[in-house]
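Here the structure comes first, spelled out in C-alpha cells, and everything after it is commentary.
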Amino acid sequence: MRKLFFSELTSCKETKLHSAPHSWLPLEKGKLSKFAGHSTSSIESLMKMPEPAVLPHFKPADYVDILAQIHEELESCPPDEKSCLYLLQFQVFRGLGEAKLSRRSLQSAWEKASTIHEKLIFGAWLKYEKKGEEPISDLLSSCGKCSQEFKLLDFVSQISTGSHEISYDDESDVFWGSPVVHFRIRDDMIACDRRKLAALSTPLYAMLNGGFRESHLEVIDMSRNGISSIGMRAISKFSLSGRLPYLSADAILEMLDFANKFCCNGLKDACERKLASFICSRQDAIDFMECALELGCSILAAACLQVLLNELPECLNDEQVVRIFSCASKQQRSTMAGNASFSLYCLLSEVSMSTNATSDVTVIFLEKLVDSASDSRQKQLALHQLACTRLLRKDYAEAERLFNAAFTAGHLYSVVGLARLASMRGNKHFSLKLLDSVMSSRWPLGWMYQERALYLEGDNKLENLNKATELDPTLTYPYMFRAASLMKRQSVEAALMEINRILGFKLVLECLELRFCCYLALEDYRAALCDVQAILTLAPDYRMIGGRVSAKQLRMLVMENVEQWTTADCWMQLYDRWSSVDDIGSLSVIYQMLESDAAKGVLYFRQSLLLLRLNCPEAAMRSLQLAREHAASQHEQLVYEGWILYDTGHCEEGLQKAEASIAIQRSFEAFFLKAYALADSSLDPSTSATVVSLLEDALRCPSDRLRKGQALNNLGSVYVDCGKLDLAAECYINALKIGHTRAHQGLARVHFLRNNRTGAYEEMTKLIEKARSNASAYEKRSEYCDRELTKSDLQMVTKLDPLRVYPYRYRAAVLMDNHKEKEAIAELTKAIAFKADLNLLHLRAAFHEHVGDISSALRDCRAALSVDPNHQEMLELHHRVNSQEP
C-alpha cells in the first residue's frame, strides 16, 4: 500500500516551488517503497531540512531591559515622542512573537499620536493588521458603535488654520500708488484692492508698495505667471474675505501655484484644504500628491497619503504609488509625513516584506527606512531588516555590510546573519568564533545555541540543540532536527515522540507536516489524514514536500488508503475526540464533515472553539466569520455575530446580538452566549442568579451532548462561586455522563471545598488519564497533594507545556521560602528569557526588592507594566520600589 501511495505521489505534475519546508517525503521515483533499507538517498532527502530563518525582527539580547527603558522614557518624554516609543515597543513584542501585546502597542501608538501624520499612519497600520476584520466594523455599526481605526480621518478640519488676517494691513501704512490695481491677464483686466492684496505676503507687499516699479503702476501684466483670469479673480476675492469661492480643482491648483510663488501662506493653506476635498480615489491621491510634493504642501500631501495607505496592501501593486514612496527626497518625505517618516517607511516595509521579501520595492522601502532612522534603536531595526532582505536576494557582500552595521550599532541578533554568511563561504570555524565571542560576553540565549549547532556535527550538534531547547523550548528547529535524525536511524516511533513534544503546546504547520510523514512511515494513514486535515484547517492553501505539492492533493492520495466514514461515523468520532480533549483530532473530523451536506454554520462554529483552545485566534476568527456566512437562519447568524463581537472585546454589543437572537427564537446557543458574556462582563454578585437562569434556559433547548456538557460545566462553576456545592456536583456529574471530560476538574474543586483533598486528587487523576492534552490537568492536580507530589506534577507540566508559568512561580516561591534567593530568581529568569509574562516579572521584581536589589526590581516593574500598563498590584509595587531608588 505504501508503495502505491508513493508512486501516486511522485506522479504529481505540480513542480512550481513555493516557500515552504523542504522535503519530508523522498521523491525519487522507483526508490520509495520503504524507508528502511531500500534507499539511503530517500533517507538523506528527508534530512534536507531548511536552516532556521534569519528573522527580520528587532530582537534585543535583553528584551526586559529594552522594555524597561521604553517605559521609563514614556513616563517623562514630551507627548510628541510617545508614538515612536510605542512603535519600538511594538517591534520588541513582535520579535518575541507576542501578537496580542504587539497589537496593543500599535493601538497605543495610534491613541498617543500627537500629529495628524502619526494618526493616519498608525491608523492605516492598525487597519492593515486587522485585515479581514472589516466585518467587525460593520457589526459594530449595526449596534450603533463605530470602529475608529477603519474610518478615514477628517483631519483637514482638525488642523488649526493659520491666521488669514492681513500681515501688512496697517492703516497707518502709506500706499503711494492707486488704491486699486488692475492685473492684465491676456484680454482680461482684474481689479484688486492694492492694500488687501499686498497683505497676503511679504513679496506682494514689496511689489505693490515697495521699491519696485509695480508700486506705481495701475495696471500690471500677469499673463506670464501661470494664473488665469478666473484664478486671479478668486485671489482678489480671497484677499477681501479670507475665503475661497467654489472653483474647479484646476483653478485651485493655479491659485496654489501662485500662492507658492508669492509666499502667500494663508492662501496656500486654504487651497490645500480645498484640494483635499477633491480627493475621492487612488488616482486623485496620486495626481495631487505629485503636486503637493513639488510645492511642499503638507496638508494636501497628508490627505493624499491617507487615501493611499487606506488601500494597503493593494496600492503597492500600483507603479505610480510605489514611485511616489520610493523616489521621495528627504524634504519630500518631510512634506508627506512630517516627523513620522520612520513610522511611514516602517509600515511600508512591513507590508512589502509580507508580500515579497526579496522584491526591489522592499529593498527601496528598507533603504528609505535606514535613511529615516534617527536613533540607535531605529537604526538597529532598519539595518537588520535590510540585511535580511539582501541575504534572501543572495546579495551577500551588501548583506554582510548591513549585518555588521546593525551588530556594531548594538543589535546582537544580527550576528546570526554574519555567521550564516561566513558558513556560506565555507568558514564554519569563523561562524563558531563569532557566536562564542557573543556567548562569552553575556548570559547565553536559546537562539545562540541553535545557531551554533548549525556549524557542528554529530554529538556536538545534538548537545547544542538540546541546550537550545533547555533555554528556549519554543524554538521549533531543534525538535524537527532531532525527529528527522531519529527517522534517519529508522526510529520512527521515537521521532514521533520527539515531534509530539512541541505539538503538545505549540501548533506549528511544519511540525504537523513532519508528523504526517512519520505516520506515513508507520503506515498509519488514518493518523496521517488527521494531520493533513488539521494543516488545511489552519492554512487552506498550504503546500508540502518543499512547496511542490498542495496539501489538498496529498490529502486526496491518503484518503484512498483509509476507510471512508459516514456522517454518523464522523459525529461519533467527534464526540470521542472532543471528550478525550484531542483538539487536533477534533479539527480533522470537522474538516471532513464540512465536505458533506451537514449544517456548515454549526461546524464552523465548533471549529472556531477548537482553534481558540489551540491558541490560533486569527484562524478562529476566520472560522467564526464562515459560520456567520453559512448560518441556516437569522437567529443563528445573530449568535455568531455576537461571538465575533465578544471575541474582539465588544461584550455589550455581543449581548445585544444574543438578545436579538432570543427575540426571534429561543435557542441553546443564544442563551449560552448571553450567559457567557454576562458572567464575564459583570462583577455584580446578583448577576449569578441571572446567569444560572440563562444556562437553565439553554439546557431546556435542543442541542447536542458536546454543547450541553459545556453548559452544565459552566453552570457548575457558577454554583461553586455561589457556595452551592451540592448543585455544582450534580451539574458536573451530569456533564461527565454525557462525555464532557473537563467536568472532572470542576468536580475535583467541589471535593476540595468539602475538605476532601484525596477525592479531588483522584478526580484530577481521572482527567489526566482521559485527556490527550493534559498539562493543565497536572497543574490543577498539583493543588491537591503534598509538596513532593506537587513538585512532581509541576515538573510534568513544564515538560508537557513549558509555556505555562505557574510551575516556575511555584518552584521559585519554594526556593525563596528556603532562603535560596539566587536560585529562586534564576528559576524565574529561566522562564522570562522566552516568555514575556506579567506574573513572572512581578514575582521577580518582588524578589529583587526583598534582597535589596532596587535597580533590578525597578527594571522588572517597568518591563511588567509594558506588558500590562493597568495592573493594579504591579502599579503599587512600582510606586513602592520607585520611592526607594536613591
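Average accessible surface for region 651-699: 45 Å² per residue, computed with a 1.4 Å probe over protein heavy atoms with every protein chain in place. Under 5 Å from the amide H of Val549 lie the amide H atoms of Met544, each residue being 5 or more positions distant or on a separate chain, with H modelled from the backbone and absent for Pro and chain starts.
Of the solvent-accessible surface of region 294-390, computed with a 1.4 Å probe and all protein chains present, 43% belongs to carbon and sulfur. Legend: calculated FRET efficiency, Asn818 to Asp721, from the Cβ-Cβ distance at R0 = 45 Å, rounded to 0.05, equals 0.85. Set the Cα radius of gyration of region 63-131 against 2.2 N^0.38 Å, with N its number of residues, and you get 1.06.
Surface composition of region 179-261: carbon and sulfur atoms hold 51% of the protein heavy-atom accessible area at a 1.4 Å probe.
Extension gain, Thr690-Ser114: 0.36 nm per intervening residue step, less the Cα-Cα distance, totals 202.9 nm.
Considering only region 179-261, what is the antiparallel percent among its DSSP beta bridges, to the nearest 5? The answer is about 65 percent antiparallel. When you count the other C-beta atoms within 10 angstrom of each residue and take the mean per peptide, 406-419, 78-91 line up highest first as 406-419, 78-91. Distance from the Cα centre of region 282-356 to that of region 553-623, in angstrom? Measuring centre to centre over Cα atoms gives 44 Å. Post the alpha-carbon centroid distance, region 822-858 to region 192-212, in whole angstrom. First find each Cα centre; the distance between them is then 70 Å.
With θ taken as phi - 60° and the Karplus curve 6.51 cos²θ - 1.76 cosθ + 1.60 applied, the whole-hertz 3J(HN,Hα) list for region 556-569 is 4, 5, 5, 4, 5, 10, 10, 6, 6, 9, 7, 4, 5, 4 Hz, x standing for glycine and proline. Quantify, in whole percent, the carbon and sulfur part of the accessible surface of region 494-544 (1.4 Å probe; protein heavy atoms only). Heavy-atom surface of region 494-544 belonging to carbon and sulfur, 1.4 Å probe: 52 percent. With both partners inside the chain, how many of the DSSP beta bridges are antiparallel, as a percent to the nearest 5? Taking every DSSP beta bridge within the chain, about 75 percent pair in antiparallel fashion. Within the shell defined by Cβ-Cβ distances under 10 Å, the residues around Cys192 carry a net charge of +4, with Lys and Arg each +1 and Asp and Glu each -1. Rounded to whole numbers, the Karplus 3J(HN,Hα) couplings from phi for region 251-259 are 5, 5, 4, 4, 5, 5, 4, 4, 4 Hz, using 6.51 cos²θ - 1.76 cosθ + 1.60 with θ = phi - 60°, and x at Gly and Pro. For the pair region 667-682 and region 375-437, the centres of their Cα atoms are 52 angstrom apart. Between Asp221 and Arg184, the built amide H atoms are under 5 Å apart, and every one of these is 5 or more places off in sequence or on another chain. Listed values [x] 2, 10, 16, 21, 20, 14, 8, 5, 3, 1, 0; [y] 2, 11, 19, 21, 19, 14, 7, 3, 1, 1, 0, 0, 0, 0; [z] 2, 10, 13, 13, 15, 17, 16, 10, 4, 1, 0, 0 include one computed from this model; for P(r) over Cα pairs in 10 Å bins from 0, in percent that value carries the label [x]. Solvent-accessible surface of region 402-452, taken per residue with a 1.4 Å probe and all protein chains present: 42 Å².
FRET efficiency for the Trp443 to Asn882 pair, using the beta carbon distance and R₀ = 30 Å, is estimated at 0.70. Assuming charge only on the beta carbon of Lys and Arg (+1) and of Asp and Glu (-1), the dipole of the chain about its Cα centre is about 2260 debye to the nearest 20.
Could you compute the FRET efficiency for Asp524 and Asn460, with r as their C-beta to C-beta distance and R0 at 41 Å, rounded to 0.05? E(calc), rounded to 0.05, equals 0.75. In order along region 724-737, phi translates into HN-Hα couplings of 9, 5, 5, 5, 4, 4, 4, 4, 5, 5, 5, 5, 5, 5 Hz, rounded to whole numbers, per the Karplus curve 6.51 cos²θ - 1.76 cosθ + 1.60 with θ = phi - 60° and x for Gly and Pro. The C-alpha atoms of the chain define a longest principal axis, and helix 687-700 lies at about 60 degrees to it. Dividing the summed -39500 (n - 2.57) terms of all DSSP H runs of n ≥ 4 by the residue count of the chain sets its mean residue ellipticity at 222 nm at -20500 deg cm²/dmol.
All other residues whose Cβ lies under 13 angstrom from that of Leu858 are scored, Lys and Arg at +1 and Asp and Glu at -1, for a net of -3. Subtract the Cα-Cα distance of Ser596 and Val851 from 0.36 nm times their separation in residues, and report this length gain in nm to one decimal. Value of the extension gain: 85.4 nm. Solvent-accessible surface of region 703-759, averaged per residue with a 1.4 angstrom probe and all protein chains in place: 45 square angstrom. Positive-end ranking of Leu706, His57, Thr648 along the dipole of the chain, with charges on Cβ about the Cα centre, is headed by Leu706.
The values are calculated or read from the model by the stated rules, or taken from the named source; none is laboratory data. Keep in mind that this is a model prediction, so the values were computed, not measured. Using ideal geometry, Cβ is built from the backbone for each residue, glycine included, and neighbour counts are taken over all protein chains shown. Remember, those area values only see protein heavy atoms, side chains included, never the ligands or the DNA or RNA. Shrake-Rupley method; radii C 1.70, N 1.55, O 1.52, S 1.80 Å.
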